[in-house]
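What follows is calculated from the coordinates using simple rules that are stated; it is not laboratory data. Keep in mind the model is a prediction, meaning the values are calculated, not measured. When we count neighbours, we look across all protein chains shown, and the Cβ atoms used for this are built from the backbone with ideal geometry, even at glycine.
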Amino acid sequence: MAANIFIYRITRITYKSSLRLGHTIYLVQVAYAALKLASILSRYIIHIPNHFDLSSFAAWNSSTSTMAESTTSADPPFNSIRYLPTKEAYDRWAEVYDSDGNFLQALDDLELKTLFPRFLESIKSPKPWRIVDLGCGTGRNTALLAGISDTAEVFALDSSSGMLEVAKSRLAGSNPNLRFGIFDMLASPNTPADVAPGTVDAIISTLVVEHIPLPTFFGHVSQLLRPGGVLLLTNMHSEMGGISQAGFVDKATGEKIRPMSYAHTVDDVVLEAQKAGLMVENNDQGTGIIERGVDQAMVDKLGLRSKKWVGVTCWFGGVFRKVDA
Ligand SMILES: C[S@@+](CC[C@H](N)C(=O)[O-])C[C@H]1O[C@@H](n2cnc3c(N)ncnc32)[C@H](O)[C@@H]1O
């Protein structure tokens, strides 16, 4: 009898423990599945703001986007992210590129106030100069080149016909020596038809290299420049590029459109430039590449969309010189 009771108790304890163990394993499995699901979903929806709802999208969608409006509102809402080939993404972006409150352009404008004069001073060849804007986009900085006196030629090159059309209408009649051309750095290993290799005195390329593998980009720059020629380069910093990337919200679909992007580090950029024969030029303070973060005081100047980037290094820029062969 005592033995029976003993066996009964042992059986009961074992049964209860196995139930508890079973529950624990089950709970662990559920938690694991939930975590896995969350990690998959986060890849697609992590950028959707908490406040997203259809009415806010509709309100934003029906607004006429002007710089003034977009700099007083934060990031527009979107319903999904769509990755497109870079050329196609920019063809679609062109219509709103200059008015969607992209703060990186504002930061670039701010920094170019000192970097662009430094770049001009660094051009050592006698005027008139041949200058290229490589990835000119809507001509934001081609306008600076068009304003230089006594240029032989200014070539504004881009792979996106949509961006180029905006640049053409923006700069029509601004400089008789200004030429526009379609040129895709990824599609052609050669220089554009009307720009012979080794004939260019200076190149600017602002916020472009994030879309191009570094050896391809610097291969083109090196091929275009004459020995001693200079490059002004600016780009999204890898600290920002590691968190986000270029893109815009297509008002027609509510989708966030993203082109192909790379988060190149400053070290990699300097190294790959060097391999192509391009050395960093120091400024008067002995600084080569300038790296710029956003701080609270800059938010007013850069627009509300810069607010979430306070404390993050977002931009870098500098001047490179092609060493004599
Ligand atoms: C962020 S926008 C910058 C435009 C302009 N440089 C500016 O600072 O406002 C990047 C530009 O690079 C151009 N781009 C991207 N990939 C390119 C490629 N493979 N060849 C030539 N241009 C390219 C895009 O079409 C776009 O106009």
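Remark: spin-label model distance Val323-Glu291 equals 2.4 nm, labels positioned 7 Å along the Cα→Cβ axis. Here's how it looks for Val312: its modeled amide H is under 5 Å from those of Val294, which are all 5 or more places away or on a different chain. Charged neighbours of Glu153, selected by a Cβ distance under 14 Å, balance to 0 (K, R count +1; D, E count -1).
The residues packed around Arg321, meaning those with a beta-carbon under 14 Å from its beta-carbon, carry a net charge of 0 if Lys and Arg are +1 and Asp and Glu are -1. Structure note, pairs Lys127/Lys168; Lys113/Lys275; Lys113/Lys322; Lys124/Lys275; Lys256/Lys322; Lys127/Lys301: Cα-Cα distances above 27 angstrom occur for Lys113/Lys275; Lys256/Lys322; Lys127/Lys301.
Here the relative contact order of region 103-322, from alpha carbon pairs under 8 Å that lie six or more residues apart, stands at 21 percent. For region 122-203, the square roots of the Cα gyration tensor eigenvalues, ordered a ≥ b ≥ c, give a/c of at least 1.5 with a/b no greater than b/c, which places it in the oblate category.
Taking amide hydrogens as placed 1.01 Å from N in the peptide plane, the amide H of Ala156 sits under 5 Å from those of Asp133, Arg179, Phe180, Gly181, each at least 5 positions away in sequence or on another chain.
For Glu281, the residues whose modelled amide H falls within less than 5 Å of its own, excluding neighbours fewer than 5 places apart on the same chain, are Val319, Phe320, Arg321. Would any residue of region 82-120 have its amide N under 13 Å from a label point 7 Å out along Cα→Cβ of Arg170? List them or say none. Hits in region 82-120 for Arg170 at 13 Å: 94-102, 105-106, 108-109. Listed peptides 138-144, 122-128, 312-318 appear in the order 138-144, 312-318, 122-128 once ranked by packing, highest mean of other Cβ atoms within 10 Å at the front. Whole-Hz Karplus values for region 141-148 come out as 9, 4, 4, 5, 5, 5, x, 6 Hz, taken residue by residue from phi with 6.51 cos²θ - 1.76 cosθ + 1.60 and θ = phi - 60°; glycine and proline positions read x. Fully extending the segment from Ala196 to Asp150, taken as 0.36 nm per residue of separation minus the present Cα-Cα distance, adds 14.6 nm.
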